[in-house]
1. For the stretch 114-146, what are the residues that are of a type in the set (Lys, Arg) and either more than 10 Å from ILE46 (Cβ to Cβ) or without any contact (Cβ under 8 Å) to a residue 24 or more places away in the chain (or both)?
2. Select from the stretch 58-69 the residues that are touching a residue at least 12 places away in the same chain (Cβ under 8 Å) and among the hydroxyl-bearing types (Ser, Thr, Tyr) and write down the one among them that is surrounded by the fewest Cβ atoms within 10 Å (Cβ to Cβ).
3. Yes or no: the stretch 75-93 includes at least one residue that is under 14 Å from the mean Cα position of the chain (by Cα), at pLDDT 95 or above and either of a type in the set (D, E, K, R) or in a helix (DSSP H, G or I) (or both).
4. Please tell me if ILE110 is assigned to a loop (DSSP other than H, G, I, E, B), among the hydrophobic types (A, V, I, L, M, F, W, C), modelled with pLDDT of 80 or more and touching a strand residue (DSSP E or B) at 6+ places or on another chain (Cβ under 8 Å).
5. Kindly list, by first and then second residue, each pair from a residue in the stretch 34-57 that is aliphatic (A, V, I, L, M) to a residue that is part of a strand (DSSP E or B) and surrounded by fewer than 14 Cβ atoms within 10 Å (Cβ to Cβ), limited to pairs with Cβ atoms under 8 Å and residues at least 6 apart or on different chains.
6. Please go through the stretch 113-147 and give me each residue that is in a helix (DSSP H, G or I) and among the polar types (S, T, N, Q), ordered by number.
7. Please specify each residue of the stretch 24-66 satisfying the condition of being out of contact with any strand residue (DSSP E or B) (no Cβ under 8 Å at 6 or more places or on another chain), more than 12 Å from ILE128 (Cβ to Cβ) and at pLDDT 95 or above.
8. For residues in the stretch 48-57 being over 17 Å from ARG92 (Cβ atoms) and out of contact with any Asp or Glu (no Cβ under 8 Å at 6 or more places or on another chain), which is surrounded by the most Cβ atoms within 10 Å (Cβ to Cβ)?
Amino acid sequence: MRKAVLPLILSLFLAWGCSREDGVLRDGYYSAISDSYNEAGWKEFITLYVYNNRIVTAEYNARNSSGLVLSWDGASLRELQVGTAHPSLLIREYVQDLLTWQDPRRIRRIPGDTHVYDTFGKLAVVAIEQAKIGNRAVAQVRIDGSSPVRNDAAPF
C-alpha cells in the first residue's frame, strides 16, 4: 500500500507544478489604463476576463476627465471617425482578433486606423502580462508613441 501511495503523491506534486508554468493566464479580470489623456481628451483602458487560460471577453473603452465613457457618447464617436472606419467598428474588430488569436501581436491593423490599433495593442499586452502573474491591480501604462508600455512588460 505504501509503495502505491508514494508515486501517487509524487505525480500530484508534479501535476501541480506543471499547472503553474510561465505563460499561463490566471483566471480573473485584468485591466490596464493609459496614464494620461490623449490629444482628444480621452484616457483609454482595457479590461480582460480570463478563464481556463483563455481571454474570454475584452472591453476597450475610454473616459474623459468628467467621467463620460466614450462608447456612450455618439457625438464624440462621430468626431473620432477615421475615414470610413467608425471607432466602434475598429474596436469590435480588434477585440474579435484578440479573442481569436489570444495574442495582441497577431491583431491585424485596419487600413486608415492611426490610433486605436496602437493603443489597444499596448494596453492588451500589459493586461495579459498582469494575467500571467495574477496581478489584478489596474496597470498604468505610458502611451506616448516612443515608449509604449510600462517598464516591466514586453513591447508591443
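The values are calculated or read from the model by the stated rules, or taken from the named source; none is laboratory data. For clarity, every value in this text was computed on a predicted model and none was experimentally measured. FYI the Cβ positions are ideal-geometry reconstructions off the backbone, even for glycines, and counts take in every protein chain you see.
1. Listed by number, the residues that qualify are LYS132, ARG136, ARG142.
2. Result: SER65.
3. no
4. Numbers: assigned to a loop (DSSP other than H, G, I, E, B): yes; among the hydrophobic types (A, V, I, L, M, F, W, C): yes; modelled with pLDDT of 80 or more: yes; touching a strand residue (DSSP E or B) at 6+ places or on another chain (Cβ under 8 Å): yes.
Yes; evaluated as a whole, the condition is true for this residue.
5. If the second residue must be part of a strand (DSSP E or B) and surrounded by fewer than 14 Cβ atoms within 10 Å (Cβ to Cβ), the pairs left are LEU48/THR57; VAL50/VAL56.
6. Listed by number, the residues that qualify are THR119, GLN130.
7. Within the stretch 24-66, TYR51, ASN52 meet the criteria.
8. ASN53
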